[in-house]
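Notes for the one structure printed next.
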Amino acid sequence: MTYKAFDLTGETVLITGGNSGIGLGMAEALAQSGAAVCIWGTNADKNATALAKLKALGAKALALHCDVGDEQEVEKRFAETVAALGPVHACFANAGVSGRSNVKSFAEMSTEEWKRVTRVNLDGAFYTLRAAARHMSEGGHGGSLVGTASLAAISGTPRGEHYAATKGGLISMMRALAVEFARHRIRANAILPGWIETAMTEKALNWDKFRDKVLPRVPMRRWGVPADFGAIAIYLVSDASSYHTGDTFLIDGGYSLF
């Protein structure tokens with residue numbers, strides 16, 4: 001007999017940055033569990049490819065162009081998501097950009113570079129989560145808010161202070177949301193990935209000097225992959241997590257321990 005709490009039939013989930021990487025890994029797992037899934041992304045080709053994958057799984061799915069750093073576009077796309085798929089039961093603020101490797105030092109970082117990262121990773125998360133929290137609380141149906149942070153939030157990353165600041169801020173935001181919106185039956189949690197094979201990390205993970213230095217420090221002896229985030233996504237959307245809020249789920253193969 002299947003444990004019914006993980007059956008997501010009738011649930012609608014929104015995932016920003018859901019057309020590739022960790023976002024798509026979560027979207028595919030959620031679709032396989034019965035959820036209707038809407039993904040937001042800025043690349044039309046990736047949106048189309050991801051949508052085809054979700055529909056091939058038999059899911060009710062939608063892909064919309066959305067620059068999460070644009071407040072008005074977020075509001076518009078959220079309304080379109082609800083109009084197409086019904087009330088949103090879970091929202092994953094997953095969209096993000098990395099700090100550029102050509103930043104020589106924090107002392108030389110430009111304001112433009114700082115704002116390029118904070119605009120998407122922090123402001124974008126704020127716009128997205130605000131729209132979802134407003135929708136869930138006004139609708140009275142509760143729900144789950146999830147933010148994708150990073151190991152950079154708790155470890156020192158030279159020349160990546162802007163990226164680390166956004167991810168640390170996101171964890172703090174999720175904790176505050178957990179307290180404020182619990183009365184509306186809305187829970188809020190963060191996922192903190194370690195070294196995961198995605199387009200964002202491809203250059204680093206394939207650099208032999210980096211690989212030879214870092215991979216031996218991962219007790220699981222492999223890089224993570226997007227599919228490793230499917231189960232935690234299902235858990236956080238499902239009734240199984242109905243009493244779990246304000247937490248940070250570290251998924252790094254044990255890297256931070258060793």
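Odds and ends about this structure:
- Residue 113 free of Cβ contacts under 8 Å to residues at least 12 places away in the same chain and in a helix (DSSP H, G or I): no
- Among the residues examined, residue 128 does not qualify as crowded, with 21+ Cβ neighbours inside 10 Å, in contact with a Cys (Cβ under 6 Å, 6 or more places away or on another chain), of a type in the set (S, T, N, Q) and over 29 Å from residue 210 (Cβ atoms).
- The condition of being hydroxyl-bearing (Ser, Thr, Tyr), over 15 Å from the mean Cα position of the chain (by Cα) and open to solvent by 40 Å² or more (accessible area, probe 1.4 Å) does not hold for residue 201.
- Checking each residue in the stretch 225-247 for being open to solvent by 40 Å² or more (accessible area, probe 1.4 Å) and either closer than 30 Å to residue 213 by Cβ or small (Gly, Ala, Ser) (or both) picks out 225, 227, 228, 231, 242.
- Of the residues making up the stretch 168-191, those that are under 14 Å from residue 136 (Cβ atoms) and charged (D, E, K, R) are 180, 183, 185, 187.
- All of (1) closer than 28 Å to residue 129 by Cα; (2) out of contact with any Ser or Thr (no Cβ under 7 Å at 6 or more places or on another chain) hold for residue 234 with one exception: (2).
- The condition of being within 16 Å of the chain's Cα centre (by Cα), at pLDDT 95 or above and open to solvent by less than 20 Å² (accessible area, probe 1.4 Å) does not hold for residue 142.
- Wholly enclosed helices (runs of 4 or more DSSP H) of the stretch 181-258 bearing at least 1 residues more than 23 Å from residue 121 (Cα to Cα), out of contact with any strand residue (DSSP E or B) (no Cβ under 8 Å at 6 or more places or on another chain) and of a type in the set (A, V, I, L, M, F, W, C): 208-214, 230-237
- Inter-residue pairs, beta-carbon under 9 Å, first among the acidic types (Asp, Glu) and in the stretch 74-96, second surrounded by 17 or more Cβ atoms within 10 Å (Cβ to Cβ), 6+ apart: 75/127; 75/131; 80/38; 80/62; 80/64
- Checking each residue of the stretch 149-165 against the condition of being in contact with a Leu (Cβ under 6 Å, 6 or more places away or on another chain), in a strand (DSSP E or B) and open to solvent by less than 30 Å² (accessible area, probe 1.4 Å) gives no match.
- Summed over the stretch 212-224, the residues that are touching a helix residue (DSSP H, G or I) at 6+ places or on another chain (Cβ under 9 Å) and open to solvent by 80 Å² or more (accessible area, probe 1.4 Å) give a count of 4.
The values are calculated or read from the model by the stated rules, or taken from the named source; none is laboratory data. Quick caveat: nothing in here was measured; it's all calculated off a predicted structure. When we count neighbours, we look across all protein chains shown, and the Cβ atoms used for this are built from the backbone with ideal geometry, even at glycine. Only protein heavy atoms, including side chains, enter the accessible area calculation; ligands, DNA and RNA are left aside. Shrake-Rupley method; radii C 1.70, N 1.55, O 1.52, S 1.80 Å.
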